[in-house]
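**Q** Have a look at the structure that comes next, please.
The values are calculated or read from the model by the stated rules, or taken from the named source; none is laboratory data. Because the structure is predicted, anything quoted here is derived from the model rather than measured. Virtual Cβ from ideal backbone geometry, glycine too; neighbours counted across all protein chains shown. The protein model used for the area step is the full one, side chains on, heavy atoms only, and it has no ligands, DNA or RNA in it. Shrake-Rupley method; radii C 1.70, N 1.55, O 1.52, S 1.80 Å.
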Amino acid sequence: MNLNINNSKILLDYLTEKTNNPIITLTKDLRIDQYNKAFEKLIDESEHIYNSFFEKTVGKLEVYSEKSIDENHVIKEISASYRSKSGSVTHLQGTLIKKIDETVIIFKNFMINESQIIDEISKMNIEMSNLTRELSKKNFQLKLANEKITKLLNTDFLTDLYNRKHFFERLEELVSLKKRKDCLNIGIIFADIDFFKTINDTYGHDTGDLVLIKFSQMLKESLRKEDIISRIGGEEFCIIVQCGTDNCLTNISEKLRKNCESMIFDNIDIKLTASFGATFYRVGEEIDSTIKRADENMYKAKDTGRNKVIFSL
């Protein structure tokens, strides 16, 4: 595409304004004739810019190299130091193109002055502070989301107890620990609400859900914080307790049985009882064997009259 003189000037003006390189033109007596926005930003002057630059330049322009293109054009590599009104010094390097009627200087390498450095650092600190706050907010939201997902994966939706999955995960962890070091015995208690189907059939499933919720609350209130309570399905519950003796485990089971028996339901005439089977994990045996023994003890309690505790090693 061919450009006429006017179009070339428009293009040059556009490039001059858009470039990040400070550019100035000088008159024959070395006074600033024109400058671009990059130059104005560089020297940090809003007034008297035409007269101030070379008056405030520290020392003369130093020439590193000089090359004549023809009798009317000379190119020089120059450097200068400029002191702004704030007192800070900007070190400049660039190319000077001397023509018959004007001189153009393009500053290619420069160190911005101290006040600009402070401003840039301040902006960066603000941006980093804002970014840090946003990241903290996002991390907090992510943490809450992860906690919610973990809870959904590990808890029973109705009773808010641990579910079957989490029960077996925690039991495997404790068994692994027991194999590696001598620690408290791992006690397993199975509990099953007596005649729960009758409650559902007589009062409806809403009442049945209420019974499950209140039974779960009773378990939480009766046990220690470190005990692991889970609903493994329907009206069946599993509990892991760490204790040292057989009496400890049977006493805990009996306490749960009595607390269940004394439960009172508002506006519903229900006498609630539960059957309990308890045992200890034997070091070296399969976890399934421990679970089966506790389950069998619980069914023995049911088969022999309900509302009782059966324990065996």
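**Q** If you scan region 14-33, which residues turn out to be within 52 Å of the chain's Cα centre (by Cα), modelled with pLDDT of 75 or more and surrounded by 11 or more Cβ atoms within 10 Å (Cβ to Cβ)? Before you say what the answer is, go through the steps one by one.
**A** To start, the set of residues in region 14-33 that are within 52 Å of the chain's Cα centre (by Cα) comprises 14-24.
This time we only want the ones that are modelled with pLDDT of 75 or more, so: 19-24.
Scanning region 14-33 gives THR19, ASN21, PRO22, ILE23, ILE24.
**Q** Which of (1) small (Gly, Ala, Ser); (2) open to solvent by less than 50 Å² (accessible area, probe 1.4 Å); (3) within 30 Å of the chain's Cα centre (by Cα) does SER122 not meet, given it meets every other one?
**A** So the condition that SER122 fails would be (2).
**Q** Also: From the list LYS255, LYS300, LYS308, exactly one residue is closer than 30 Å to LEU177 by Cα and at pLDDT 95 or above. Which is it? Give the steps one after another, and end with the answer.
**A** On the way: LYS300 fails: closer than 30 Å to LEU177 by Cα; LYS308 fails: closer than 30 Å to LEU177 by Cα.
One residue alone meets the criteria, LYS255.
**Q** Follow-up. Only one residue in ILE186, ILE239 is modelled with pLDDT under 95, under 29 Å from ILE287 (Cβ atoms) and either touching a helix residue (DSSP H, G or I) at 6+ places or on another chain (Cβ under 8 Å) or among the charged types (D, E, K, R) (or both). Which one?
**A** On the way: ILE239 fails: modelled with pLDDT under 95.
From the options ILE186, ILE239, the qualifying one is ILE186.
**Q** Give the residue, chosen from LEU135, LEU158, that is within 30 Å of the chain's Cα centre (by Cα) and in a loop (DSSP other than H, G, I, E, B). Step through it out loud before you land on a result.
**A** Working: LEU135 fails: in a loop (DSSP other than H, G, I, E, B).
Residue meeting the stated conditions: LEU158.
**Q** Scan region 170-217 residue by residue and report those that are within 19 Å of GLY277 (Cα to Cα), over 38 Å from the mean Cα position of the chain (by Cα) and among the β-branched types (Val, Ile, Thr).
**A** Answer for region 170-217, where residues must be within 19 Å of GLY277 (Cα to Cα), over 38 Å from the mean Cα position of the chain (by Cα) and among the β-branched types (Val, Ile, Thr): ILE189, ILE193.
**Q** Which of the residues belonging to region 149-191 are among the basic types (Lys, Arg) and under 29 Å from GLY208 (Cβ atoms)? Steps first, answer last, please.
**A** As a first pass, look at region 149-191 and keep what is among the basic types (Lys, Arg): 151, 164-165, 170, 178-181.
Scanning region 149-191 gives LYS151, ARG164, LYS165, ARG170.
**Q** Determine the pairs where a residue that is within 18 Å of CYS260 (Cα to Cα), located within region 230-243, has a partner that is outside any strand (DSSP E or B) and among the small types (Gly, Ala, Ser) with Cβ atoms under 7 Å apart, the partner being 6 or more residues away or on another chain.
**A** From residues that are within 18 Å of CYS260 (Cα to Cα), the pairs are ARG231/SER216.
**Q** A further question follows. Being under 30 Å from PHE280 (Cβ atoms), of a type in the set (A, V, I, L, M, F, W, C) and surrounded by 10 or more Cβ atoms within 10 Å (Cβ to Cβ) narrows it down to one residue among LEU171, LEU142, LEU131; which is it? Talk me through it step by step, then tell me what you get.
**A** Details: LEU142 fails: under 30 Å from PHE280 (Cβ atoms); LEU131 fails: under 30 Å from PHE280 (Cβ atoms).
Checking each option against the conditions leaves just LEU171.
**Q** Follow-up question, since we're still on this one. Just wondering, is there one or more residues in region 34-48 that are at pLDDT below 65, part of a helix (DSSP H, G or I) and open to solvent by 50 Å² or more (accessible area, probe 1.4 Å)? Before the answer, list the steps.
**A** Let us first name the residues in region 34-48 that are at pLDDT below 65, namely 44-48.
Subset that is part of a helix (DSSP H, G or I): none.
Taking every residue of region 34-48 in turn, none turns out to be at pLDDT below 65, part of a helix (DSSP H, G or I) and open to solvent by 50 Å² or more (accessible area, probe 1.4 Å).
**Q** Please enumerate the residues belonging to region 241-263 that are β-branched (Val, Ile, Thr) and within 16 Å of ASN297 (Cα to Cα). Explain how you work it out, then say what you get.
**A** Start the filter on region 241-263 by keeping residues that are β-branched (Val, Ile, Thr), which leaves 241, 245, 250, 252.
Within region 241-263, THR250, ILE252 meet the criteria.
**Q** For residues in region 270-283 being over 17 Å from SER312 (Cα atoms) and assigned to a loop (DSSP other than H, G, I, E, B), which is most open to solvent (accessible area, probe 1.4 Å)?
**A** In the first step, residues of region 270-283 are kept if they are over 17 Å from SER312 (Cα atoms); the result is 270-274.
Then keep just the ones that are assigned to a loop (DSSP other than H, G, I, E, B); that gives 270-273.
Numbers: ILE270: 21, LYS271: 149, LEU272: 1, THR273: 24 Å².
Looking at the filtered set, the residue picked out is LYS271.
**Q** Output the residues belonging to region 49-79 that are acidic (Asp, Glu), open to solvent by 70 Å² or more (accessible area, probe 1.4 Å) and either in contact with an Asp or Glu (Cβ under 6 Å, 6 or more places away or on another chain) or modelled with pLDDT of 75 or more (or both).
**A** Of everything in region 49-79, just one residue is acidic (Asp, Glu), open to solvent by 70 Å² or more (accessible area, probe 1.4 Å) and either in contact with an Asp or Glu (Cβ under 6 Å, 6 or more places away or on another chain) or modelled with pLDDT of 75 or more (or both), namely GLU66.
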